[in-house]
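Let me begin by presenting the structure, written as C-alpha cells, before commenting on it.
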Amino acid sequence: MGRPPHRIMGIVNVTPDSFSDGGEWLDPAAAIAHGRALAGEGAGILDVGGESTRPGAGPVGAEEELRRVLGVVEGLAGAGAQLSIDTTKARVAEAAIAAGATYVNDVTAFRHDPGMAGLVAQHGCDCCLMHMLGEPRTMQDDPRYDDVVDEVKAFLEQRAAFAVAEGVAEARVHLDPGIGFGKTVAHNLELLQRLGEIVALGFPVVVGTSRKGFLGRLTGQPDPRQRLAATIATNVLALERGARVFRVHDVAPVHEALTVAAATLAARQA
C-alpha cells in the first residue's frame, strides 16, 4: 500500500512583526497576491495569520487581528487551495470560516479559547493542534524537558482526545510537535529524529521548520531568508519519518524537493 499524499501549507503572514517576513504582506492586496502565487507554486493549504507567534511576540487584540486577516481570507477564497486561519481566538476563526476558511491552525491546541473546539466541530473544519511550552513571549526562556518527545507526544495525544470529545471528527485532527516553540536546538533535532513516535498516534502530522532560528544556529546563517537549504533538509527528513503537512514560506522549491523525495520513497515501497 502506498504512502498517503503529502500537502504543503503556504504561509501568508499579515503581520508587521513576523520573524522573517514581518510587514511584507501587511497590505491586503499584497497578501492576496502572495497567497495566490503560493497556490500556483503547489500549496494545497494557505495559512493566513494576523498575530505573530515568533519568540518574544506580544499579543494582538481580536479587532486588530480581524482587521488584518478577514479581507485576505475573502480575497483568497477562489485561489484553488484550502484556506486555513492561524489564530487562537474563536471570534477570529468564526469570521474567517464565514469568509471561506475550512481549516483552523491553533498554536495553543484549543487551550486559549474555550469556544474554539466547539466551533471547529460545528463547522466540520480541519484543525491543527500544536505543542508550545508557555507562550510566545516566554517560550524560549530556558525550555526544559525530561524527554521532549515523550512529553510532546503525551500532550498532543491528550489534546487530540479533547478535540474529539468536543465533537471534532478524528479525521479532521492534525498534530504539530511545535518545532521551535519552547525548544532548544537539541530538542528540535530530537523531535525530528524521533518524529515517527508522534506519527504513530495515528493523526496526520504537520511540521513547521521553515526559516526557523535553530536552522540558523546550526548553519551559521543569521538571515532567515538564507535558510532555504536547511528548511528543505528538515522537510525531506520529516517526510521520510511520516509527516504529511509541511508549513513553509518558500513553496516552489520545497514542493519540488518533496515531490522527488516522495517519488523515491514510493519506489522503495513498490
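Structural remarks
- Within segment 116-144, tally of residues that are part of a loop (DSSP other than H, G, I, E, B) and either among the acidic types (Asp, Glu) or at pLDDT below 95 (or both): 13
- Comparison of Ser20, Ser84 shows that the only residue that is under 30 Å from Thr264 (Cβ atoms), modelled with pLDDT of 95 or more and either of a type in the set (Gly, Ala, Ser) or in a loop (DSSP other than H, G, I, E, B) (or both) is Ser84.
- The single condition among (1) over 18 Å from Pro177 (Cβ atoms); (2) under 18 Å from the mean Cα position of the chain (by Cα); (3) among the small types (Gly, Ala, Ser) that Ala109 does not meet is (1).
- Taking the conditions (1) buried (at least 16 other Cβ atoms within 10 Å of the Cβ); (2) out of contact with any helix residue (DSSP H, G or I) (no Cβ under 8 Å at 6 or more places or on another chain); (3) assigned to a helix (DSSP H, G or I) in turn, Phe181 satisfies each one other than (3).
- Selection status of Ala171, of a type in the set (A, V, I, L, M), closer than 28 Å to Pro114 by Cα, modelled with pLDDT of 95 or more and within 19 Å of the chain's Cα centre (by Cα): yes
- For segment 167-175, the criterion of being in a loop (DSSP other than H, G, I, E, B), out of contact with any helix residue (DSSP H, G or I) (no Cβ under 6 Å at 6 or more places or on another chain), touching a residue at least 24 places away in the same chain (Cβ under 8 Å) and of a type in the set (A, V, I, L, M, F, W, C) is satisfied by at least one residue.
- Of all the numbered requirements in (1) in a helix (DSSP H, G or I); (2) more than 26 Å from His34 (Cα to Cα); (3) touching a strand residue (DSSP E or B) at 6+ places or on another chain (Cβ under 9 Å), Ala93 misses one, and that requirement is (2).
- Matching residues in segment 52-86 - criterion: being free of Cβ contacts under 8 Å to residues at least 40 places away in the same chain, in contact with a strand residue (DSSP E or B) (Cβ under 8 Å, 6 or more places away or on another chain) and crowded, with 18+ Cβ neighbours inside 10 Å: Val73, Leu83, Ile85, Asp86
- Out of Thr259, Thr264, Thr209, Thr234, one residue alone is of a type in the set (Ser, Thr, Tyr), part of a helix (DSSP H, G or I) and closer than 25 Å to Asp141 by Cα. It is Thr234.
- When Leu215 is tested against (1) closer than 16 Å to Pro55 by Cβ; (2) surrounded by fewer than 21 Cβ atoms within 10 Å (Cβ to Cβ); (3) not hydroxyl-bearing (Ser, Thr, Tyr), just one condition goes unmet, and that condition is (2).
The values are calculated or read from the model by the stated rules, or taken from the named source; none is laboratory data. Quick caveat, the model's predicted, so the values are computed rather than measured. Cβ sites come from the backbone with ideal geometry, for glycine too, and all protein chains shown count toward neighbours.
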